[in-house]
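Asks: Pasting in a structure now, in structure tokens, and then I'll have a few things to ask.
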Amino acid sequence: MGFLISEEQELLRGSVADFVDKEVVPSAALIDEEARFPADLFVKAAELGYLGIRYPQEYGGSGGDHVMFALLCEELARGSMSLAASVSMQALMGTDFIYRFGMEEQRQRLLVPAIRGEKMGVIAMTEPDAGSDLGAMRTTARRDGDDYLLNGRKSWITNAALADFFTVAAKTAPEAGFKGVDMFLVERGTPGVSVGREIAKMGVLGLSASEVILEECRVPAGNLLGEEGTGARNLQGVLAEIRIMMGALSLGLGQAALDAGIRYARERVQFGRPIARFQAVSHRLADMATRLEAARLMVYRAASLLDHGERDMRLASMAKLFASEMANELADGASRIFASYGFATEYPVQRYFRDARFLLLGGGTSEILRGIIAHEMGVAR
Amino acid sequence: MDFNFTPEHDLFRQSVREFADRYVRPHIKEMEEKKDIPHQLLDRIAEQGFYGLRFAEEWGGQGGDNVMFAILNEELARCYMSVAARVMMQCLMGTEFINLYGTEQQKRDYLVPAIKGEKYGTMCMTEPAGGTDLGAMQTTAVRDGDEYVINGQKSWITGANAVDFYTVAAKTDPEAGFRGVDLFLVDRDRPGVKVGDRIEKLIATASGCYDLFFDNVRIPADRLFGGEEGKGFALLRSILNDIRVHTAALGLGIARAAYEESVEYAKQREAYGRPIIKWQAIQHKLAKMRVEIDAARLMIYYAAWRMDQGLPVNVDAATCKYFITEAVLRIVDDATRIFGAYGASMEMNIQRYMRDARWLLYGAGTQTMILNIIAAEIRNE
């Protein structure tokens with residue numbers, strides 16, 4: 001297996017890194033402080049082709065591969081997790097079902113402008129009583145003539161307040177647990193869909209998480225994405241990608257934390273020398289860097305396998321588990337190096353620390369992932 | 001709260017240490033090589049009154065409390081785990097059932113000589129079919145007139161070849177899982193008792209563990225502990241806390257041995273022109289060891305003290321055992337790192353601490369089992 005990325009991939013990484021250093025990093029703190037969605041950067045990301053990186057050129061995308069998507073996510077996350085998470089939602093979960101299962105008319109009307117950054121699409125799965133246990137969701141989709149009627153309440157929906165269209169998970173077979181779930185396109189403005197309260201959170205403040213309420217929301221049968229009864233399977237299909245994506249976001253945050261730690265350790269002088277000269281600090285940085293490298297290899301291997309047509313759920317889950325935990329360890333490590341300044345809002349480290357928690361959630365908590373890995377290994381009951 | 005040991009405790013600790021340094025330490029190498037503890041040493045230990053430390057003066061014991069017994073275990077283990085394990089078996093598991101549940105006659109015939117070192121006893125629970133899952137045991141005890149007939153195979157029995165009597169767990173009700181287990185007092189010289197192969201092991205090498213076979217062994221019915229069938233598990237449970245706390249004390253002894261030798265070594269070993277204790281990386285390892293030892297000591301002696309006060313101790317016994325096990329593994333690992341290649345040398349003690357420490361992983365219960373127990377207590381609080 002080749003451990004090097006291609007020239008094309010390196011070029012992309014370099015250009016994203018440039019964009020991040022010049023335009024994202026200077027705004028990241030403000031995005032967080034003001035808790036505002038970085039609309040201007042989102043549009044710029046669209047112009048640079050980031051939102052359509054996974055989609056073919058016929059829809060305005062750039063036809064990039066999984067490794068490229070991971071590189072994009074990593075670099076963006078190094079600058080701002082809020083921006084990175086928003087871009088990756090748009091590039092993947094928020095639009096993928098329309099791309100794969102939507103009708104051409106839907107793709108033209110929604111996917112194409114989404115890739116241009118003119119419309120926002122988000123996925124709505126989680127509910128107040130169904131997070132890790134998605135099969136416990138209570139949102140239903142009842143067939144009614146040529147339509148479906150959706151009823152339920154979704155929670156923690158990223159950027160719901162800004163979304164133009166939702167990919168909603170709802171049960172067409174309520175007794176069937178997770179297997180009864182199907183995916184539906186619901187556009188904003190459809191009677192019966194409304195965005196509810198926003199959940200105040202500790203991190204990733206540049207994106208919002210809100211409730212989405214469906215009350216006898218009527219959508220045409222053509223809004224069912226994929227054949228009835230296949231939703232759960234299709235969702236599984238995209239989960240490996242989501243996990244790799246979360247792994248890549250984790251790499252970016254880890255790198256940011258490490259870079260900040262190195263910089264500070266070189267500058268901060270105590271006891272007559274830069275603190276980097278103390279083994280406690282330099283060894284900590286060495287451990288951090290080592291774990292980051294290990295995580296990076298896992299994430300890119302999983303992405304690379306996908307590019308070769310091999311969807312390895314076990315590896316994708318391991319990559320997400322390892323990288324997200326790594327990001328949290330590195331944010332913690334950096335904050336220790338910064339000591340009190342790791343606490344001060346004028347430094348980014350406290351933001352890395354808060355944002356890192358998000359990485360432990362989306363795509364499966366570490367506990368759920370361990371169960372999945374054990375299952376994939378054939379050792380779980 | 002008075003966190004100090006009494007002068008009596010300190011004096012006792014001193015006497016155990018002196019005994020160990022004088023009579024045990026010089027023979028460790030030989031005992032490791034021969035994989036045996038000479039009877040002469042076991043006799044000397046008897047002369048010290050250690051076997052009867054916990055038992056009432058009425059039987060020739062010392063009437064010592066749990067704090068004292070923990071001190072004995074800690075100091076012996078600090079010197080040599082194999083001896084400490086054998087002694088603990090004779091002081092506790094091998095004899096306690098007679099002490100708690102035996103008849104007057106049985107106490108006179110077994111406990112009194114055991115305290116004097118004239119007879120040795122051991123506990124027989126584990127089988128190939130079940131270690132953690134004792135309820136899976138297949139050894140049976142069938143009532144036949146005035147006798148019980150015992151059939152089965154035990155495994156990992158400490159000192160099976162060198163004892164005079166066994167406390168054997170066998171099922172009087174094979175269908176009933178752990179509730180069908182009962183405990184019996186069996187003489188070694190009963191027809192049908194056969195000591196099997198010695199199990200070659202890496203850990204506590206001089207404390208031999210053996211397979212033990214019971215082939216239609218007949219014992220008088222009054223050898224059933226508890227007076228009636230079905231009480232075995234309750235009886236066993238009554239000493240589990242003792243076993244946990246005192247096994248933890250063994251672990252503490254090893255931890256301290258590894259730590260103390262590491263400090264000494266770090267002070268005299270030079271690298272790059274200075275004793276390695278001058279390097280922060282080493283200092284911090286020693287500091288972390290110290291933190292964990294201090295914490296473990298408090299937990300263990302607190303649990304022992306609670307037992308002496310007659311206070312409930314299910315949680316504390318389990319948590320202190322869990323804690324020291326995880327801690328001692330870390331401590332001996334770091335100790336081997338401090339010693340470098342000498343950590344692997346058979347001439348040094350560290351390799352033995354590293355091996356013997358691992359006994360904590362299953363002695364008195366595996367870590368996963370202990371966590372289950374703690375969680376069960378939490379649920380019932």
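Asks: Looking only at segment B:109-161, which residues are closer than 19 Å to residue B:233 by Cα, over 19 Å from the mean Cα position of the chain (by Cα) and buried (at least 20 other Cβ atoms within 10 Å of the Cβ)?
Replies: B:137, B:139, B:141, B:148, B:150, B:152 - these are the residues of segment B:109-161 that are closer than 19 Å to residue B:233 by Cα, over 19 Å from the mean Cα position of the chain (by Cα) and buried (at least 20 other Cβ atoms within 10 Å of the Cβ).
Asks: Could I ask something else about it? Show the residue pairs that are 6+ apart or on different chains and have beta-carbon atoms under 9 Å apart, the first residue being within segment A:128-151 and aromatic (Phe, Trp, Tyr), the second being assigned to a loop (DSSP other than H, G, I, E, B).
Replies: A:148/A:172
Asks: Could I ask something else about it? Looking only at segment A:18-47, how many residues end up being surrounded by fewer than 17 Cβ atoms within 10 Å (Cβ to Cβ) and among the aliphatic types (A, V, I, L, M)?
Replies: Of the residues in that region, 6 qualify.
Asks: If a residue must be among the hydrophobic types (A, V, I, L, M, F, W, C) and either without any contact (Cβ under 8 Å) to a residue 40 or more places away in the chain or farther than 23 Å from residue A:296 by Cα (or both), how many such residues does segment A:226-253 contain? Let's see the steps before the verdict.
Replies: The initial filter retains those residues of segment A:226-253 that are among the hydrophobic types (A, V, I, L, M, F, W, C), namely A:232, A:235, A:238-240, A:242, A:244-246, A:248-249, A:251, A:253.
Keeping just the survivors that are either without any contact (Cβ under 8 Å) to a residue 40 or more places away in the chain or farther than 23 Å from residue A:296 by Cα (or both) gives A:232, A:235.
So the answer is 2.
Asks: Residues of segment B:32-74 being hydrophobic (A, V, I, L, M, F, W, C), assigned to a loop (DSSP other than H, G, I, E, B) and under 29 Å from residue B:202 (Cα atoms), which ones?
Replies: Of everything in segment B:32-74, those that are hydrophobic (A, V, I, L, M, F, W, C), assigned to a loop (DSSP other than H, G, I, E, B) and under 29 Å from residue B:202 (Cα atoms) turn out to be B:37, B:50.
Asks: Surrounded by fewer than 22 Cβ atoms within 10 Å (Cβ to Cβ) and farther than 19 Å from residue B:79 by Cα, is that true of residue B:381?
Replies: Numbers: surrounded by fewer than 22 Cβ atoms within 10 Å (Cβ to Cβ): yes; farther than 19 Å from residue B:79 by Cα: yes.
Taking the combined requirement at face value, the residue satisfies it.
Asks: Oh, and also: Would you say residue B:241 is of a type outside the set (D, E, K, R), over 30 Å from residue B:42 (Cβ atoms) and either in contact with a strand residue (DSSP E or B) (Cβ under 7 Å, 6 or more places away or on another chain) or assigned to a helix (DSSP H, G or I) (or both)? Explain how you work it out, then say what you get.
Replies: Values: of a type outside the set (D, E, K, R): yes; over 30 Å from residue B:42 (Cβ atoms): no; either in contact with a strand residue (DSSP E or B) (Cβ under 7 Å, 6 or more places away or on another chain) or assigned to a helix (DSSP H, G or I) (or both): yes.
Spelling it out, it is not the case that residue B:241 is of a type outside the set (D, E, K, R), over 30 Å from residue B:42 (Cβ atoms) and either in contact with a strand residue (DSSP E or B) (Cβ under 7 Å, 6 or more places away or on another chain) or assigned to a helix (DSSP H, G or I) (or both).
Asks: Additional query: When only residues in segment B:287-298 that are away from every other protein chain (no Cβ under 13 Å) and among the aliphatic types (A, V, I, L, M) count, which is farthest from residue A:282 (Cα to Cα)?
Replies: It comes out as B:298.
Asks: Checking the condition in contact with a strand residue (DSSP E or B) (Cβ under 7 Å, 6 or more places away or on another chain), modelled with pLDDT of 95 or more and buried (at least 17 other Cβ atoms within 10 Å of the Cβ), which residue from A:115, A:123, A:53 passes?
Replies: Details: A:115 fails: in contact with a strand residue (DSSP E or B) (Cβ under 7 Å, 6 or more places away or on another chain); A:53 fails: in contact with a strand residue (DSSP E or B) (Cβ under 7 Å, 6 or more places away or on another chain).
Within the list A:115, A:123, A:53, the selection yields A:123.
Asks: Considering only segment B:263-286, state which residues are among the basic types (Lys, Arg), within 14 Å of chain A (Cβ to nearest Cβ) and surrounded by 15 or more Cβ atoms within 10 Å (Cβ to Cβ).
Replies: B:285
Asks: Which pairs do you get when a residue that is outside any helix (DSSP H, G or I), found in segment B:245-267, comes within reach of a residue that is surrounded by 24 or more Cβ atoms within 10 Å (Cβ to Cβ), reach meaning Cβ atoms under 6 angstrom, with the pair 6+ apart or on two chains?
Replies: Here the result reads none, with nothing in segment B:245-267 linked to a residue that is surrounded by 24 or more Cβ atoms within 10 Å (Cβ to Cβ).
Asks: Within segment B:162-183, which residues are surrounded by fewer than 20 Cβ atoms within 10 Å (Cβ to Cβ) and assigned to a helix (DSSP H, G or I)?
Replies: Once the filter is applied, which keeps residues that are surrounded by fewer than 20 Cβ atoms within 10 Å (Cβ to Cβ) and assigned to a helix (DSSP H, G or I), segment B:162-183 yields B:162, B:174, B:175, B:176, B:177, B:178, B:179.
Asks: Just checking, does segment A:311-326 include any residue being under 22 Å from residue A:53 (Cβ atoms), touching a residue at least 60 places away in the same chain (Cβ under 8 Å) and of a type in the set (Asp, Glu)?
Replies: Yes: one or more hits.
Asks: Evaluate the following for residue B:352: is it surrounded by 21 or more Cβ atoms within 10 Å (Cβ to Cβ) and assigned to a helix (DSSP H, G or I)?
Replies: Numbers: surrounded by 21 or more Cβ atoms within 10 Å (Cβ to Cβ): yes; assigned to a helix (DSSP H, G or I): yes.
The answer is yes for residue B:352.
Asks: Please go through (1) modelled with pLDDT of 95 or more; (2) of a type in the set (Gly, Ala, Ser); (3) under 26 Å from residue A:157 (Cβ atoms) for residue A:371 and return the number of the only condition it doesn't satisfy.
Replies: Going through (1) modelled with pLDDT of 95 or more; (2) of a type in the set (Gly, Ala, Ser); (3) under 26 Å from residue A:157 (Cβ atoms) one by one, residue A:371 breaks only (1).
Asks: If you go through segment A:32-53, how many residues are touching a Ser or Thr at 6+ places or on another chain (Cβ under 8 Å) and in a helix (DSSP H, G or I)?
Replies: So the answer is 4.
Asks: Considering every residue within segment A:68-80, establish whether at least one is of a type in the set (Ser, Thr, Tyr) and either surrounded by fewer than 24 Cβ atoms within 10 Å (Cβ to Cβ) or not in a loop (DSSP other than H, G, I, E, B) (or both).
Replies: Keep residues of segment A:68-80 that are of a type in the set (Ser, Thr, Tyr), which gives A:80.
Imposing the further condition that a residue be either surrounded by fewer than 24 Cβ atoms within 10 Å (Cβ to Cβ) or not in a loop (DSSP other than H, G, I, E, B) (or both) reduces the set to none.
Taking every residue of segment A:68-80 in turn, none turns out to be of a type in the set (Ser, Thr, Tyr) and either surrounded by fewer than 24 Cβ atoms within 10 Å (Cβ to Cβ) or not in a loop (DSSP other than H, G, I, E, B) (or both).
Asks: Next question. Considering only strands (runs of 3 or more DSSP E) fully contained in segment A:149-253, which possess at least 3 residues that are surrounded by fewer than 17 Cβ atoms within 10 Å (Cβ to Cβ)?
Replies: Values: elements: A:165-171, A:181-187, A:193-198, A:209-220.
Where strands (runs of 3 or more DSSP E) fall fully within segment A:149-253 and carry at least 3 residues being surrounded by fewer than 17 Cβ atoms within 10 Å (Cβ to Cβ), they are A:193-198, A:209-220.
Asks: So, residue B:221, is that one within 14 Å of another protein chain (Cβ to nearest Cβ) and over 26 Å from the mean Cα position of the chain (by Cα) or not? Break it down stepwise before answering.
Replies: Working: within 14 Å of another protein chain (Cβ to nearest Cβ): no; over 26 Å from the mean Cα position of the chain (by Cα): yes.
So residue B:221 fails the test.
Asks: Continuing with the same structure: Restricting the search to segment B:184-230, which residues are of a type in the set (Phe, Trp, Tyr), more than 16 Å from residue B:142 (Cβ to Cβ) and not in a loop (DSSP other than H, G, I, E, B)?
Replies: Step one: list which residues in segment B:184-230 are of a type in the set (Phe, Trp, Tyr), which gives B:184, B:210, B:213-214, B:225.
Checking which are more than 16 Å from residue B:142 (Cβ to Cβ) leaves us with B:210, B:213, B:225.
Those that are of a type in the set (Phe, Trp, Tyr), more than 16 Å from residue B:142 (Cβ to Cβ) and not in a loop (DSSP other than H, G, I, E, B): B:210, B:213.
Asks: Could you identify the single residue in B:295, B:364, B:257, B:341 that is out of contact with any Gly (no Cβ under 6 Å at 6 or more places or on another chain), surrounded by 16 or more Cβ atoms within 10 Å (Cβ to Cβ), farther than 21 Å from residue B:17 by Cα and of a type in the set (Gly, Ala, Ser)?
Replies: Numbers: B:295 fails: surrounded by 16 or more Cβ atoms within 10 Å (Cβ to Cβ); B:257 fails: farther than 21 Å from residue B:17 by Cα; B:341 fails: surrounded by 16 or more Cβ atoms within 10 Å (Cβ to Cβ).
Within the list B:295, B:364, B:257, B:341, the selection yields B:364.
Asks: Out of all the residues in segment B:306-324, is one or more within 20 Å of residue B:284 (Cβ to Cβ) and either in a helix (DSSP H, G or I) or of a type in the set (A, V, I, L, M) (or both)? Steps first, please.
Replies: Within segment B:306-324, the first condition is being within 20 Å of residue B:284 (Cβ to Cβ), and the residues that meet it are none.
Taking every residue of segment B:306-324 in turn, none turns out to be within 20 Å of residue B:284 (Cβ to Cβ) and either in a helix (DSSP H, G or I) or of a type in the set (A, V, I, L, M) (or both).
Asks: For segment A:88-108, what are the residues that are closer than 13 Å to residue A:56 by Cα and aromatic (Phe, Trp, Tyr)?
Replies: A:99
Asks: Scan segment A:277-320 for residues that are more than 14 Å from chain B (Cβ to nearest Cβ) and out of contact with any His (no Cβ under 7 Å at 6 or more places or on another chain) and report the count. Step through it out loud before you land on a result.
Replies: Looking only at segment A:277-320, we keep the residues that are more than 14 Å from chain B (Cβ to nearest Cβ), and these are A:288-320.
Filter once more, so that each one left must be out of contact with any His (no Cβ under 7 Å at 6 or more places or on another chain): A:288-302, A:304-305, A:308-320.
Qualifying residue count for the region: 30.
The values are calculated or read from the model by the stated rules, or taken from the named source; none is laboratory data. Model, not experiment: these values are computed from the prediction. Cβ atoms come from the backbone with ideal geometry, glycine included; neighbour counts cover every protein chain shown.
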